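The values are calculated or read from the model by the stated rules, or taken from the named source; none is laboratory data. Note that this is a predicted model, so its numbers are computed, not measured. Here the Cβ positions follow ideal geometry from the backbone for every residue, glycine too, while neighbour counts run over all protein chains shown. Protein only, heavy atoms only, side chains kept; ligands, DNA and RNA dropped before computing areas. Shrake-Rupley method; radii C 1.70, N 1.55, O 1.52, S 1.80 Å.
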Amino acid sequence: MAKKTVDIVRFHHAEITVTDLDRAREFYCKGLGFIETESDAEHIYLRAIEDSNHHCLVLTKGKQGSLKHISYRVGSDEDLDVLDELFTELGVKKIWIGAGEEKGQGRALRIQDPGGMPVEFFFEMDKAERMLQKYHLQGNSKVKRIDHANCLITNIDELYDWYSNHLGFRTSEFTVNGYEEDEHVWAAWMHRKPSVHDLALISEKGPRYHHTGFWMDDAKSILDACDHLASLGYYAHIERSPGRHGTSNAFFVYVRDHDGNRIELYTGDYFTNDPDFEPIKWHLDDPQRATFWGALPPESWRNEAVQVEDILTGQLLPVETVKRLEKAENQN
């Protein structure tokens, strides 16, 4: 029997924890311009301007900043059953999330991938009011849509092959360390939608979650968002000032909430779906790899990231060192 393929459409949403929901609402809604779809005593469900579904970001009350899960949308409900069979065959820790357990969402399959990251797959989600052309209701920070997840993991070789071979992720760019016979992959930018990445895998202490990337229209939109954040008193939350990455070609700014969860405001990547597209190779020694131009990243950006949760217990997973000795410098 032919192997069944799964239509993983794109990275769709993330659930992170915050210690104070009211404070987080002020930061994400008034500061970053997210739209609140609904909330309860434990959660706030947010969407961006382009979203016509219930949420792209969930803020959940917790003891510290952490990642509860990242989520991919699939093309049909049947794809979830195919994934369930696949993950059973691969021996992956998994759990079914019933329809409505995450508000607005149908049934979902949640796993702990071989790198320790909590990853979810779903198909159905409630519709929400389309805000794209309601310009009079849009604030000064115009986050348009979620773009990618950046994950710090210790087993890049295993995980890179796993996402490529089992889930059909393609590679747009990758970084290597070492030379000649000692050369090996240090990071990979992988995608299902036809852009640079839905998922970045970086060799670092982990599993940890570095950031969620959100798409903005252009560089001016990102600069306007910085002005808006600073005028509200959030100037110290702008962690890394504007610049451009070599990998992905992204014009960026990084901000952090009060609990250390990191958001990248992102624009400027490119189309990757031509059949003859060839992944772009960088070397870890290239100074323009992570910073094509702009100020070098602060130590917090290089060294700090939130822990991730066990999908069954909710406990934070222990952080381990990279399984192969790497030259760990600036990740993208």
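Taking into account only those residues within the stretch 31-67 that are without any contact (Cβ under 8 Å) to a residue 24 or more places away in the chain and within 19 Å of residue 262 (Cβ to Cβ), which is farthest from the chain's Cα centre (by Cα)? The residue in question is 44.
The C-beta contact set for the stretch 1-30 (first residue touching a residue at least 40 places away in the same chain (Cβ under 8 Å) and open to solvent by less than 40 Å² (accessible area, probe 1.4 Å), second residue part of a helix (DSSP H, G or I) and not basic (Lys, Arg), distance under 6 angstrom, 6+ apart or interchain) comprises 6/79; 6/82; 6/83; 18/24.
In the stretch 133-159, of all residues being more than 22 Å from the chain's Cα centre (by Cα) and not small (Gly, Ala, Ser), the one that is surrounded by the fewest Cβ atoms within 10 Å (Cβ to Cβ) corresponds to 136. Summed over the stretch 31-59, the residues that are open to solvent by 10 Å² or more (accessible area, probe 1.4 Å) and among the β-branched types (Val, Ile, Thr) give a count of 2.
So if I check each of 316, 284, which one is on the phi < 0 side of the Ramachandran plot, open to solvent by 50 Å² or more (accessible area, probe 1.4 Å), of a type outside the set (Val, Ile, Thr) and touching a residue at least 24 places away in the same chain (Cβ under 8 Å)? None of the other options fit; the residue is 316. Of the numbered criteria (1) over 28 Å from residue 188 (Cα atoms); (2) hydroxyl-bearing (Ser, Thr, Tyr); (3) over 20 Å from the mean Cα position of the chain (by Cα), the one residue 76 fails is (1). The strands (runs of 3 or more DSSP E) found wholly in the stretch 179-278 and carrying at least 1 residues that are modelled with pLDDT of 95 or more, open to solvent by 30 Å² or more (accessible area, probe 1.4 Å) and under 26 Å from residue 30 (Cα atoms) occupy 208-215, 238-244, 251-256.
Looking at residue 9, is it part of a helix (DSSP H, G or I), of a type in the set (Val, Ile, Thr) and modelled with pLDDT of 95 or more? Considered against the rule, which asks whether it is part of a helix (DSSP H, G or I), of a type in the set (Val, Ile, Thr) and modelled with pLDDT of 95 or more, residue 9 comes out as no. For the stretch 287-313, which positions are in a loop (DSSP other than H, G, I, E, B), open to solvent by 70 Å² or more (accessible area, probe 1.4 Å) and either more than 16 Å from residue 187 (Cβ to Cβ) or touching a residue at least 40 places away in the same chain (Cβ under 8 Å) (or both)? Selection gives 288, 292, 296, 304, 312, 313. Residues in the stretch 135-170 that are of a type in the set (S, T, N, Q), touching a residue at least 12 places away in the same chain (Cβ under 8 Å) and within 20 Å of residue 188 (Cβ to Cβ): 150, 154, 155, 164.
For first residues located in the stretch 118-132 and of a type in the set (Asp, Glu), partners that are outside any strand (DSSP E or B) and lie 6+ apart or on another chain with Cβ distances below 6 Å form the pairs 124/106; 126/54; 126/104.
Quick check on residue 136: is it modelled with pLDDT under 95, outside any loop (DSSP other than H, G, I, E, B) and of a type outside the set (Asp, Glu)? So residue 136 passes the test.
Among the conditions (1) crowded, with 18+ Cβ neighbours inside 10 Å; (2) at pLDDT 95 or above, residue 170 misses just one, which is (1). On inspection, residue 127 fails the criterion of being open to solvent by less than 70 Å² (accessible area, probe 1.4 Å) and charged (D, E, K, R).
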